[in-house]
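One structure is given here, and the rest of the page talks about it.
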Protein chains: 2
Amino acid sequence: MDYQKSKLNKVVRNSQKAAYDKKTIHAILDASEVCHIAFIHEGRAFVQPINFGRENEKIYLHGSLNNRMTNAIIAAKEVCLNVMILDAMKLTRSAYHHSVNYRSVMVFGNVRELTDKEAKLQGLKSIINHFVPNRWEHCRKPTDKELKITRVIEISINTASAKIANSPPDDNEEYRLLNYWAGEIQVKPSYAYPVPDTYMDKNSTIPNHVLDFYHKKNQVD
Amino acid sequence: MDYQKSKLNKVVRNSQKAAYDKKTIHAILDASEVCHIAFIHEGRAFVQPINFGRENEKIYLHGSLNNRMTNAIIAAKEVCLNVMILDAMKLTRSAYHHSVNYRSVMVFGNVRELTDKEAKLQGLKSIINHFVPNRWEHCRKPTDKELKITRVIEISINTASAKIANSPPDDNEEYRLLNYWAGEIQVKPSYAYPVPDTYMDKNSTIPNHVLDFYHKKNQVD
């Protein structure tokens with residue numbers, strides 16, 4: 001199932017790298033802890049990183065009350081956000097053809113603030129479980145006071161597109177015999193073994209949801 | 001030496017995490033391959049990832065002619081960009097206190113397109129050497145034709161700020177004895193050993209500038 005192509009999400013440059021199918025786009029969103037949000041404040045464009053959750057066609061953000069970014073996207077009623085994952089650096093003989101392998105997703109969505117208690121809790125659950133799957137069941141839920149001072153934003157994905165580069169370094173044929181080194185350096189995030197905080201019993205076992213996360217993040221693709 | 005605090009770059013939330021000194025801010029910019037650029041197009045805020053270079057107080061971008069993002073920031077004459085590096089995931093007993101260690105930089109700069117050939121080459125050199133230090137000396141420089149179809153943008157840093165979280169997981173005292181696992185998972189990008197492309201002699205040695213990059217990126221901090 002594809003997101004509808006529109007003027008907003010259609011990839012113009014290097015359109016052979018474009019993908020519009022929901023499965024691909026959701027997988028890229030779910031592989032990243034952080035997205036970047038664009039917003040307009042006093043006539044200027046700003047960008048800010050933030051963690052998020054996703055549940056089907058909804059993305060959730062949270063923040064403090066009266067935050068500049070959330071104020072701006074609530075007022076605009078819509079938002080553009082990006083997730084970008086770097087996969088490899090490609091060094092070519094020509095300066096011009098240096099590039100990277102990456103997975104990037106642009107999302108265009110409609111924004112609303114959640115005010116109902118149950119809806120806010122569901123949004124926060126999505127954010128915590130995006131952080132570490134099943135974590136919500138293994139921590140203390142927000143108190144009414146914490147909920148009150150937390151703003152929860154729901155973004156309904158309107159449309160989206162991915163741009164994926166996954167190819168070897170590529171010099172033009174005429175430059176392939178130049179005497180410069182060309183090749184690739186793969187990049188991926190490495191997640192260290194979980195370390196308990198200072199208030200934990202040193203002999204306590206690490207629970208499965210944390211170990212599962214660690215192993216999944218470090219598995220060889 | 002600090003960047004001047006203004007309405008644009010002053011960190012309001014968690015101001016104890018803020019830094020304004022140039023050395024810290026430049027180091028965060030230089031540690032990332034990619035930045036995120038905000039721009040306004042037809043009244044909407046967009047965000048887009050792109051690689052970049054830095055030389056003192058200048059940041060360089062490049063792209064194709066007639067690109068939507070570069071068109072927008074040239075027209076606006078100014079830009080906001082962000083670099084964000086995730087350092088650790090912090091799991092607390094309370095959903096509310098889950099957070100990350102990170103280094104984030106916001107830059108506010110003045111934008112101009114470089115049109116002089118020498119200036120464009122200097123901008124591209126900065127981008128290639130930001131990608132891999134000293135790479136410019138070890139690859140074929142752009143031809144006049146390549147330069148002609150490449151737009152080079154210079155951003156003069158007007159002001160900037162960093163936000164840095166580098167602390168252990170932090171539950172409120174009253175929740176520190178709750179029976180949930182709390183701890184930290186450190187995250188860092190891992191750079192694989194450089195692999196020559198298919199046109200290289202298999203026995204050719206990897207040059208020092210590539211090995212230096214590999215070792216520097218993987219060194220234990």
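The values are calculated or read from the model by the stated rules, or taken from the named source; none is laboratory data. Here the structure is a predicted model, which means the values were calculated and not measured. Cβ: placed from backbone, ideal geometry, glycine included. Neighbour counts: every protein chain shown. SASA here: full protein model, heavy atoms, side chains in, ligands and nucleic acids out. Shrake-Rupley method; radii C 1.70, N 1.55, O 1.52, S 1.80 Å.
Points worth noting:
- For the chain pair A and B, the buried solvent-accessible surface (1.4 Å probe, both sides summed) amounts to about 7100 Å².
- Rolling a 1.4 Å probe across all protein chains gives A:D30 an accessible area of roughly 70 Å².
- Prolate/oblate/rounded label for chain B (Cα gyration tensor, a/c 1.5): oblate
- 222 nm mean residue ellipticity, helices alone, for the protein assembly as shown (DSSP H n ≥ 4; -39,500 (n - 2.57); rounded to 500): -6500 deg cm²/dmol
- Cross-link pairs beyond the 22 Å C-alpha cut-off, checked among A:K145/B:K10; B:K163/B:K216; A:K141/A:K217; B:K5/B:K125; A:K125/A:K148; A:K188/B:K10: A:K145/B:K10; B:K163/B:K216; A:K141/A:K217; B:K5/B:K125; A:K188/B:K10
- Chain-alone versus full-assembly comparison, region B:32-46, residues with accessible loss of at least 50 Å² (1.4 Å probe): B:H36, B:I40, B:R44, B:A45, B:F46
- Percent accessible area from carbon and sulfur atoms, the protein assembly as shown, protein chains only, probe 1.4 Å: 49 percent
- Given +1 at the Cβ of Lys and Arg, -1 at the Cβ of Asp and Glu and no other charges, the dipole of chain A around its Cα centre is 440 debye to the nearest 20.
- Interface residues of region A:127-162, defined as a loss of at least 30 Å² in heavy-atom accessible area between the chain alone and the complex of all protein chains with a 1.4 Å probe, are A:I128, A:F131, A:R135, A:C139, A:R140, A:E146.
- Solvent-accessible area lost in complex, 30 Å² minimum, residues of region B:75-111 relative to chain alone, 1.4 Å: B:E78, B:C80, B:N82, B:M84, B:L86, B:M89, B:L91, B:R93, B:A95, B:Y96, B:H98, B:M106
- Residue-normalised accessible area of region A:15-188, given per residue in Å² at a 1.4 Å probe: 42 Å²
- A Förster distance of 41 Å, applied to the separation of the beta-carbon atoms of B:I149 and B:S204, puts the FRET efficiency at 0.85.
- Solvent exposure, largest accessible area first (probe 1.4 Å, DNA, RNA and ligands not counted), of A:R13, B:R103, A:R140: A:R13, B:R103, A:R140
- Area of A:W181 that stays accessible when all protein chains are in place (1.4 Å probe, Å², to 10): 10 Å²
- Kirkwood-Stokes translational diffusion coefficient of the protein assembly as shown, alpha-carbon pairs, 10 °C, 1.306 mPa s, µm²/s: 69 µm²/s
- Within the shell of other residues whose beta carbon sits under 15 angstrom from the beta carbon of B:Y214, the net charge comes to +3, with Lys and Arg scored +1 and Asp and Glu -1.
- Inter-chain Cβ neighbour average for residues A:174-184, partner chain, 10 Å: 5
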